[in-house]
1. Taking the stretch 35-50 on its own, how many of its residues are modelled with pLDDT of 85 or more and open to solvent by 50 Å² or more (accessible area, probe 1.4 Å)?
2. Which members of the stretch 30-74 meet the condition of being of a type in the set (D, E, K, R) and not in a loop (DSSP other than H, G, I, E, B)?
3. Where residues in the stretch 89-104 are open to solvent by 60 Å² or more (accessible area, probe 1.4 Å) and in contact (Cβ under 8 Å) with a residue 12 or more places away in the chain, which of them is nearest to T57 (Cα to Cα)?
4. Name the single residue, out of those in the stretch 4-29 being part of a helix (DSSP H, G or I) and over 23 Å from I63 (Cα atoms), that is nearest to the chain's Cα centre (by Cα).
5. Name every residue in the stretch 68-88 that is surrounded by fewer than 16 Cβ atoms within 10 Å (Cβ to Cβ), within 23 Å of A40 (Cβ to Cβ) and at pLDDT 90 or above, in order of residue number.
6. Criterion first (outside any helix (DSSP H, G or I) and at pLDDT 65 or above) does T103 satisfy it?
Amino acid sequence: DYLLKSLNVNDIVVFKKVYDAYSGAVLHILPKPMKNAERALELLKSKDIKIGLISNTGKTPGIALRLMLKSLELYKYFDDTLFSDEVGYLKPNKHIFDIAVLTYLSCRAGQRFLHLCWRRFLAVLRQLFHRAIVNQMSLHL
């Protein structure tokens, strides 16, 4: 109701059409993945590492981001995905990680998981794989 009043829109049908067009825009103009992102995901999967994606969504809902990842052929690398609009918490709030680990990623008590930003992600790749491969990849990011 707040958003409808703020936009001075009285018709929920009109609002829904505008919202759908706005939130689905990412599907019409796909972003270009970072160089070597797919290669990094392939390397992790080759080591049978479970990969989960936890992301804040901003204006684009999680369902559209999931479809975008599928269109970019990157979704197949993730064991599961969780978006802030689906759970009501934003990173870095602890609750989004608790929900992801316990519910979506099906982690069991005592099982370890690691949250990585991109820079830390590259550091872990360097430890897991031949450093020259990862160093070459990071030069092209």
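The values are calculated or read from the model by the stated rules, or taken from the named source; none is laboratory data. Keep in mind it's a predicted model, so treat the numbers as computed, not measured. Heads up, the Cβs are rebuilt from the backbone with ideal geometry, glycines too, and the neighbour counts pull from every protein chain shown. The area values use the complete protein model at the heavy-atom level, side chains included, leaving out ligands, DNA and RNA. Shrake-Rupley method; radii C 1.70, N 1.55, O 1.52, S 1.80 Å.
1. 5
2. In the first step, residues of the stretch 30-74 are kept if they are of a type in the set (D, E, K, R); the result is 32, 35, 38-39, 42, 45, 47-48, 50, 59, 66, 70, 73.
Scanning the stretch 30-74 gives E38, R39, E42, K45, R66, K70.
3. In this case the residue turns out to be L90.
4. Of all residues in the stretch 4-29, those part of a helix (DSSP H, G or I) come to 4-6, 12-23, 25-28.
If we keep only those that are over 23 Å from I63 (Cα atoms) as well, we get 5-6.
On the way: K5: 31, S6: 29 Å.
Ranking the qualifying residues of the stretch 4-29, first place goes to S6.
5. K70, S71, L72, E73, L74, Y75, K76
6. Numbers: outside any helix (DSSP H, G or I): no; at pLDDT 65 or above: yes.
Spelling it out, it is not the case that T103 is outside any helix (DSSP H, G or I) and at pLDDT 65 or above.
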